[in-house]
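The values are calculated or read from the model by the stated rules, or taken from the named source; none is laboratory data. Not measured: the values here are computed from a predicted model. We place every Cβ from the backbone using ideal geometry, glycine too, and count neighbours over all the protein chains shown. For the accessible areas, the whole protein counts, side chains as well, though only heavy atoms, and no ligand, DNA or RNA atoms are used. Shrake-Rupley method; radii C 1.70, N 1.55, O 1.52, S 1.80 Å.
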Amino acid sequence: PDANTINKISKYFNFLKVDALQTLVRISNREQNLLAKMQDIEFIGFSRVILKGRALLGSVGLGGNGQFVKLSSLLKLGINPWGDTLTEDLEMGLKLISLGMKIGYCDDIITEQEGVLNLKSLVIQRSRWLQGHLTNWKYIYKILKSKSNFITKLDSIFYLTFVSSIVLITL
């Protein structure tokens with residue numbers, strides 16, 4: 001993260017009154033090859049389109065790098081806030097939503113991560129993400145019963161199941 005990240009995060013937590021915040025993620029090695037460049041385009045598109053839209057609905061999730069959770073909110077998740085799925089970040093976000101907590105998004109804070117550089121690594125990474133989505137379906141009932149608003153519930157469940165369904169249908 002850049003040097004001003006903590007100051008910016010603090011302002012978002014105070015202004016938006018959120019329990020967690022997801023930032024824009026970029027691929028740091030995007031100039032290394034075409035696959036890394038395509039992942040950067042994917043992450044920018046996902047963040048600036050999908051996450052901004054989900055933010056308007058109040059249903060941003062947590063994923064990958066660039067996520068921040070207030071300690072007071074994290075403590076409400078119990079002794080094991082990260083859970084046991086392969087996508088512990090997604091799981092933590094779903095736990096927050098299932099408790100009626102709010103997650104915000106900001107794209108003026110950029111967090112960089114390395115992209116994978118070959119197709120084999122990409123398939124392994126995306127298979128893990130798919131498995132993580134599938135294993136997190138266990139939160140659907142908790143989200144439905146949560147104090148979150150109807151739109152947040154609907155969008156969170158749609159996001160969780162849509163990603164998995166599309167991949168499974170195309171197999």
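Scanning segment 136-148 for residues that are open to solvent by 60 Å² or more (accessible area, probe 1.4 Å), touching a residue at least 24 places away in the same chain (Cβ under 8 Å) and part of a helix (DSSP H, G or I) yields W137, K142. Summed over segment 149-163, the residues that are part of a helix (DSSP H, G or I) and more than 15 Å from the chain's Cα centre (by Cα) give a count of 4. Would you call S73 touching an Asp or Glu at 6+ places or on another chain (Cβ under 8 Å) and open to solvent by less than 40 Å² (accessible area, probe 1.4 Å)? So S73 fits the description; yes.
Scan segment 45-61 for residues that are in a helix (DSSP H, G or I) and open to solvent by less than 60 Å² (accessible area, probe 1.4 Å) and report the count.
6
How many of the residues in segment 84-107 are of a type in the set (S, T, Y), under 24 Å from S28 (Cα atoms) and assigned to a loop (DSSP other than H, G, I, E, B)? Number satisfying all stated conditions: 1. If you scan segment 100-135, which residues turn out to be over 18 Å from D84 (Cβ atoms) and open to solvent by 70 Å² or more (accessible area, probe 1.4 Å)? Of everything in segment 100-135, those that are over 18 Å from D84 (Cβ atoms) and open to solvent by 70 Å² or more (accessible area, probe 1.4 Å) turn out to be K102, D108, E112, E114, N118, L119, K120, V123, I124.
Selection over segment 20-54 of residues that are more than 14 Å from G66 (Cβ to Cβ) and at pLDDT 95 or above gives a count of 12.
Let's see how each residue does on (1) closer than 19 Å to S148 by Cβ; (2) in a loop (DSSP other than H, G, I, E, B):
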{"residue": "F43", "(1), (2)": "no, no"}
{"residue": "G63", "(1), (2)": "yes, yes"}
{"residue": "S73", "(1), (2)": "yes, no"}
{"residue": "W82", "(1), (2)": "no, yes"}
{"residue": "I109", "(1), (2)": "no, no"}
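Summed over segment 8-40, the residues that are open to solvent by 90 Å² or more (accessible area, probe 1.4 Å), more than 19 Å from S72 (Cβ to Cβ) and without any contact (Cβ under 8 Å) to a residue 60 or more places away in the chain give a count of 3. What about I169, is it in a helix (DSSP H, G or I), among the β-branched types (V, I, T), without any contact (Cβ under 8 Å) to a residue 60 or more places away in the chain and open to solvent by 90 Å² or more (accessible area, probe 1.4 Å)? Taking the combined requirement at face value, the residue satisfies it. The condition of being in contact with a Leu (Cβ under 7 Å, 6 or more places away or on another chain), under 24 Å from S164 (Cα atoms) and modelled with pLDDT under 95 holds for only one of D89, D84, D107, that being D89.
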